[in-house]
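**Student:** Dropping the structure in here first, questions after.
Nothing in this text is a laboratory measurement; each read-out follows from the coordinates by a stated rule. Remember, predicted model here, so these are calculated numbers, not experimental data. Quick reminder, even Gly has a Cβ in these numbers, built from the backbone with ideal geometry, and neighbours come from all protein chains shown.
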Amino acid sequence: MSRFENAHPAALADLARKYNVKCDIRQLDTVDAYYDLEGLERATAAATAIQQYVPELVHEIYSGTEAQEKFRVSNDCVGAITYPAGQMWPYKFITQIIEMLVEKGVNLQTETPVTRIVPEGDKWIVKTPRGDIRTCNVVHATNGYVAHLLPSFETIIKPTRGHMTAQIPPRSLSEPPLDRSYSFIYEDGKFDYFIQQPVYDGCKLMLGGGYYLDPHPTTVNDAEEPEDSQHYLGNQLPKVLHWEGEQNPEKRVFMGWSGIMGFSEDGCPWVGPVSEALGGGKGQWICAGYTGEGKSIYCKGDMLMVLGMPNALFCAEAVGMMILGREPPEYFPRSYLLSDGRMKKALEDAERSARGETVKRIKL
């Protein structure tokens, strides 16, 4: 799983290079900056263990003092772990790829919700307000919205509201700008994520997180932005970075917004054919449930994992190969495949969790 996810930055960079996609993509190190000693100790054990099994996934471990000096984090940072990652402007990447596909004949229907999918012989009729589409294959790639058409996934892939801000940097963080991406990790596994925009975009500081302050995190409504989450994000950067400059978030926060992610019950994406028993049938497929963003590390006896959108490219490749009647690539984790056993276990865990029982699952 770690090898699979860590193959994505180079693959995305190669894709952007091949098709001349201008999306500010670059491969760099990322910094997991810890503000909780217990969390740092767990992560250090996991990072040390994974290098025994996957030695090419190099993790560098720094003390609090070293991290403060090297990564410009605040004095509250107790240590950090770095490893290879990537950064890109996803909107630019996606829109340019879509433009190329449309030029090659792909029929893109925007603002056109699918209301139902009904069988017709050996085909499916995709119902929309603008007309019907007849097709042999339907891929449910709607992530957090997948339960709209597949209600069986209602407790398996939960729509979860994420929060984001763009903030104006102080001179201390723009001259020069930071050259890494960051996660800020706190007590009980709570975390925020952070990148810095290119110089031509003003070196804006992009901070996301604060999901645990959202009174309604499980929702498909991203038109509303809870005040508590935005207030938290607006005040957090001076606490986690070495900050010299504007302290007033009303002057610093350039923009704030939210978006819907799809959080998987067992922490892993769901990829493969959707059976009739689950609301699908032959020719219906799923590729969804990416659980936010991040990386995965494994420590014997304990799993510390944050999977995410970096998995999407090769998950899509796998489902594409299955549609063509071929096996997924050897490097595709079979634990991501939709199976009756996995679905049964996830449903049981979801029911236990709803009753307030403790469920052993991947820790976010």
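**Student:** Would you mind computing, in nm to one decimal, how far apart the modelled labels at ALA7 and THR65 are, each placed 7 Å from Cα along Cα→Cβ?
**Tutor:** Once both label points are built, they end up 4.3 nm from each other.
**Student:** From the gyration tensor of the Cα coordinates in the range 187-245, what semi-axes in whole Å does the equivalent ellipsoid have, largest first, with each one equal to sqrt(5λ)?
**Tutor:** Details: eigenvalues 108, 47, 22 Å².
Equivalent ellipsoid semi-axes, largest first: 23, 15, 10 Å.
**Student:** Could the peptides 141-150, 128-137, 244-253, 280-289 be put in order, highest first, of the mean number of other beta-carbon atoms found within 10 Å of their residues? Mind showing how you got there, number by number?
**Tutor:** Working: 141-150: 20.0, 128-137: 11.8, 244-253: 13.3, 280-289: 21.5.
The densest-packed peptide leads the list: 280-289, 141-150, 244-253, 128-137.
**Student:** Taking a 18 Å limit on the Cα-Cα distance, which of the listed pairs LYS92/LYS158; LYS123/LYS344; LYS282/LYS344; LYS123/LYS158; LYS190/LYS251; LYS22/LYS92 fall beyond it?
**Tutor:** Numbers: LYS92/LYS158 27 Å; LYS123/LYS344 28 Å; LYS282/LYS344 20 Å; LYS123/LYS158 29 Å; LYS190/LYS251 26 Å; LYS22/LYS92 7 Å.
Result: LYS92/LYS158; LYS123/LYS344; LYS282/LYS344; LYS123/LYS158; LYS190/LYS251 exceed 18 Å.
**Student:** Here is a follow-up. Report the normalised scattering of the chain as log10 I(q)/I(0) at q = 0.15 Å⁻¹, calculated by the Debye formula with identical scatterers on the alpha carbons.
**Tutor:** Once normalised to I(0) and log-transformed, intensities are -1.53.
**Student:** So which residue, out of VAL138, VAL271, VAL118, gets the largest mean-square fluctuation from a GNM of the chain using Cα contacts under 10 Å as springs?
**Tutor:** Of the options given, VAL118 has the highest mean-square fluctuation.
**Student:** Which residues among the range 200-242 fall inside the zone where the amide N is under 18 Å from a point 7 Å beyond the Cα of PHE254, along Cα→Cβ?
**Tutor:** Answer for the range 200-242: 200-209, 233-238.
**Student:** So, one more: Relative to the longest principal Cα axis of the chain, at what angle does helix 312-323 sit, 0 to 90 degrees, rounded to 10?
**Tutor:** 20 degrees
**Student:** Relative to the longest principal axis of the chain, what angle (0 to 90°, nearest 10) does the C-alpha long axis of helix 37-53 take?
**Tutor:** For 37-53 against the chain, the angle is about 60 degrees.
**Student:** Multiply the residue separation of GLU187 and HIS242 by 0.36 nm, subtract the distance between their alpha-carbon atoms, and state the gained length in nm to one decimal.
**Tutor:** Extending this stretch completely gives an extra 17.8 nm.
**Student:** Helix 8-18 versus the longest principal axis of the chain: what angle, 0 to 90°, nearest 10, using Cα atoms?
**Tutor:** 80 degrees
**Student:** Three principal axis extents, largest first, for the C-alpha atoms of the range 151-265, in Å?
**Tutor:** So the extents along the principal axes, rounded to whole Å, are 51, 30, 26.
**Student:** Please give the FRET efficiency for ALA49 paired with THR112, using the beta carbon to beta carbon distance and R0 = 41 Å, rounded to the nearest 0.05. Don't jump to the answer; show the numbers that get you there.
**Tutor:** Numbers: r = 48 Å, r/R0 = 1.16.
Step by step, r from the Cβ atoms, then E = 0.30.
**Student:** Right, here's the next one. Output ³J(HN,Hα) for the range 213-229: one whole-Hz value per residue in order, computed from phi by the Karplus curve 6.51 cos²θ - 1.76 cosθ + 1.60 with θ = phi - 60°, and x for Gly and Pro.
**Tutor:** 9, 6, x, 9, x, 8, 6, 9, 9, 9, 7, 10, 10, x, 4, 5, 5
**Student:** Say each of GLU327 and VAL199 gets a label point 7 Å from the Cα, pointing the same way as Cα to Cβ; how far apart are those two points in nm?
**Tutor:** Once both label points are built, they end up 5.0 nm from each other.
**Student:** Between ASP24 and TYR91, what length in nm is gained on full extension when 0.36 nm per residue of separation is reduced by their alpha carbon distance? Mind dumping the intermediate values first?
**Tutor:** Numbers: separation 67, 0.36 × 67 = 24.12 nm, distance 1.07 nm.
Length gained, ASP24 through TYR91: 23.0 nm.
**Student:** As a test, work out the antiparallel percent of DSSP beta bridges whose residues both lie in the chain, rounded to the nearest 5. List each step's numbers first, then the result.
**Tutor:** Values: 57 of 67 bridges.
Just about 85 percent of them are antiparallel.
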